[in-house]
Amino acid sequence: MIPMRCQQLDPERIKENNSIKENYLKQDMYVPAGNWFIATSLIIGLILNFLPLQGDLLISRPDFVALAITYWNVNHPYKLGMSMAFGMGLMVDVGNAGILGQHALAYCVIFYLTLIFGRRLRLFSLLKQAPQIGFFLLIMQIVIILIALSNGSALPGWGYFLATVTGTLLWAPASFLMTLLLKPKPDSNAL
């Protein structure tokens, strides 16, 4: 066995290490998300959920509060608590005049899933995150359906899951916009 100091350095390995260092240095720095910014995004999501839409627009409207909760839990874990997700779910239930607690439980489920898989999700680009987020949104909608069915509601058609598709498609642009808002503004006094 040749001692480590006597081995030849592999040029490919040196290139790989240099590219890792360059990529690390090129990463964007973000301003830490303040509580006001998180609260504002959740309120905007709540307002978008309560917009009076009809027909196909109502069926295809994604759950903006769930997207906001998912974004904050994936990108800034531990800034939002499960109690906040539960409270937002209660607000959605009251606003929709639905079964009290169904969205609260569904938001807690999606919060838990993104808390568990958040570290893995952060390794992927936004486009590769979208199918996984879509799966979480699908589980959330299944929880809502199961609660409604247990209370005697009729089974909704397949169109009910159109909101999952639009939420999945909206994940990348919404996440990009939120991240863009967290980038620091260039300082004109800096060198």
query = So how much slack lies between SER150 and ILE99, counting 0.36 nm per residue of separation and subtracting their Cα-Cα distance, in nm?
reply = 17.3 nm
ask   = Per the Debye formula with a single identical scatterer at each Cα and no solvent contribution, what log10 I(q)/I(0) holds for the range 134-191 at q = 0.16, 0.23 Å⁻¹?
value = -0.64, -0.92
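Sorting check: for 135-144, 38-47, which peptide has the highest mean count of neighbouring beta carbons within 10 Å, and how do the rest follow?
So the order, starting with the most tightly packed, is 135-144, 38-47.
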request  = With a point put 7 Å past each Cα toward its Cβ, work out how far PHE135 is from THR179 in nm, to one decimal.
outcome  = 2.0 nm
ask   = Between TRP158 and TRP36, how many nm apart are label points set 7 Å from Cα along the C-beta direction?
value = 4.8 nm
query = Rounded to the nearest 0.05, what FRET efficiency is calculated for PHE124 and ILE43 with R0 set to 30 Å and r the Cβ-Cβ distance?
reply = 0.60
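Please work out how much length the chain gains when fully extended from PHE117 to LEU53, using 0.36 nm per residue of separation minus the C-alpha to C-alpha distance, in nm with one decimal.
19.7 nm
Any read-out appearing in this document is the output of simple, stated calculations on the displayed coordinates, not a laboratory observation. The shown structure was predicted, so the numbers you read here are calculated from the model rather than taken from an experiment. Cβ atoms come from the backbone with ideal geometry, glycine included; neighbour counts cover every protein chain shown.
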